[in-house]
Amino acid sequence: MFVVMARTASEAEILGVKSQILAEGMTPFDHQGSERVVIAVVGDVGPRKQELMSRLAGLPGVEGVTPISRPFKLTSREFHPEDTVIRVLDAAIGDGSLTVMAGPCSVENRDQLFETADAVAAAGATVLRGGAFKPRTSPYAFQGLGVEALRYLAEARDRTGLPIITEVMEPSQVDIVAEYADILQIGTRNMQNYSLLRDVGRVARPVMLKRGYGATVEEWLMAAEYIVSSGNPNVILCERGIRTFETYTRNTLDLAAVPLLHHLTHLPVIVDPSHATGKRWLVRPLAIGGVAVGADGVMVEVHPDPDAALSDAEQQLDLDMFRSLMEAIVPVHEHVQSLHGDPVLATAGAGAAAASAGADGLAKH
Ligand code: PEP
Ligand code: MN
């Protein structure tokens, strides 16, 4: 449930509500909206729900108490109608600008990373990616350079000024990855690794949560809820394709998830056409598609010599292909931005509309 405070509520009244929630064994999370404070009551309320709602409704400064039917609370638009904007170094993610995360699947050596970093930065990328700890399907495949790669990534950040994102695979790696990286990535295979989610929820770094390849949108948002409820509000969602019966593509890119997520949640959404398709020549059209449906950005794998790459060789773009992708997506993004205000395009910035649609604003078929 959410406690909606009156516009005129004092600090003391807000504190009073929060301490009552704590006394009931629940956890309060407050959000200062544009007009008023909303306090989410998080925890397992059980059969006391009605009783608790009326008790909270009677406290001074409270305008009303709303039950929330969705299982995700802190990540929902209802709690937080405005888009979350994540700022990291000079980059802003979710503010209407186009985020482009680019770089190699794996950091293989210093030269390979620097050559890629310089090229993607010059072409307009806003975040540098590179895998240090690699989740590989085969235990015999290249597993990543680990901490050595983190050091090269930090050097590449100094060189280019771009913030760096890299994957953290297990709780024991969280501190070291957070020491070097600006954004922590949780990979598809770990989307429901709840102890890892809680641990990245405790660090002061934004987290990009990739969709589990077999996860529903609701399971994905519940995974994001683990991170936010552990104390880290800066979560980015990344649609990277789900497993279907199709075999020509590595995964099936769920583009409908992008506007759907913008309706359900205030968190920024990134599309990864590289892991979604597994094929270099399909990356550009699907990056265009992702931006066209309102994604806040894309993540693409780029390598100076993709055929020689130690991982995901078939899907990495070479430097020219990346430049050509940028030329294609920038105007598409500008066009999508110009459509804002079009009620049909209920994507980014749809906070008010989504909030007024209420808990059941989406028809279920
Ligand atoms: C990656 O981005 O390096 C990666 C391994 O992606 P995913 O978790 O989506 O497979
Ligand atoms: Mn990869």
| field | ASP182 exposed (fewer than 15 other Cβ atoms within 10 Å of the Cβ) and away from ligand 2 (no atom under 13 Å from the Cβ) | value | no
| query | Can you find even one residue in the range 254-267 that is over 20 Å from PHE79 (Cβ atoms), surrounded by 24 or more Cβ atoms within 10 Å (Cβ to Cβ) and charged (D, E, K, R)? | reply | no
| request: Starting from the range 78-94, take each residue that is free of Cβ contacts under 8 Å to residues at least 24 places away in the same chain and list its partners that are open to solvent by 40 Å² or more (accessible area, probe 1.4 Å), counting only C-beta distances under 6 angstrom and pairs at least six apart or across chains. | output: ALA92/VAL85
| Across the range 5-15, what is the number of residues that are closer than 10 Å to VAL62 by Cα and under 33 Å from the mean Cα position of the chain (by Cα)? | 5
| For the range 194-205, does any single residue satisfy the condition of being charged (D, E, K, R), touching a Gly at 6+ places or on another chain (Cβ under 6 Å) and outside any loop (DSSP other than H, G, I, E, B)? | no
| request: Could you look through the range 40-77, keep only residues that are farther than 21 Å from VAL17 by Cα and open to solvent by 40 Å² or more (accessible area, probe 1.4 Å), and pick out the one that is nearest to the chain's Cα centre (by Cα)? | output: PRO71
| query | Under the condition of being among the hydrophobic types (A, V, I, L, M, F, W, C) and open to solvent by 40 Å² or more (accessible area, probe 1.4 Å), which residue from the range 119-142 is nearest to VAL258 (Cα to Cα)? | reply | ALA122
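Taking the condition free of Cβ contacts under 8 Å to residues at least 24 places away in the same chain and touching a strand residue (DSSP E or B) at 6+ places or on another chain (Cβ under 7 Å), does THR252 pass?
No, not satisfied.
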| remark: Over the range 143-183, the set of residues hydroxyl-bearing (Ser, Thr, Tyr) and closer than 21 Å to TYR194 by Cα is THR166, SER172
| task | Consider only pairs whose beta carbons are under 8 Å apart and that are at least six residues apart or on different chains; among these, list those whose first residue lies in the range 104-118 and is more than 14 Å from ligand 1 (Cβ to nearest atom) and open to solvent by less than 10 Å² (accessible area, probe 1.4 Å) and whose second residue is of a type in the set (S, T, N, Q) and outside any loop (DSSP other than H, G, I, E, B). | result | ALA117/THR160
| What number of residues within the range 304-321 are within 14 Å of ligand 1 (Cβ to nearest atom), touching a residue at least 40 places away in the same chain (Cβ under 8 Å) and open to solvent by 10 Å² or more (accessible area, probe 1.4 Å)? | 3
| Residue that is most open to solvent (accessible area, probe 1.4 Å) [pool: residues in the range 228-241 that are away from ligand 2 (no atom under 16 Å from the Cβ) and under 26 Å from PRO104 (Cβ atoms)] | ASN234
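The values are calculated or read from the model by the stated rules, or taken from the named source; none is laboratory data. Please read all numbers here as calculations on a predicted model, not as lab measurements. So basically every Cβ, Gly included, is an ideal-geometry build from the backbone, and we count neighbours across all protein chains shown. Areas reflect the complete protein model, heavy atoms only, side chains present, ligands, DNA and RNA absent. Shrake-Rupley method; radii C 1.70, N 1.55, O 1.52, S 1.80 Å.
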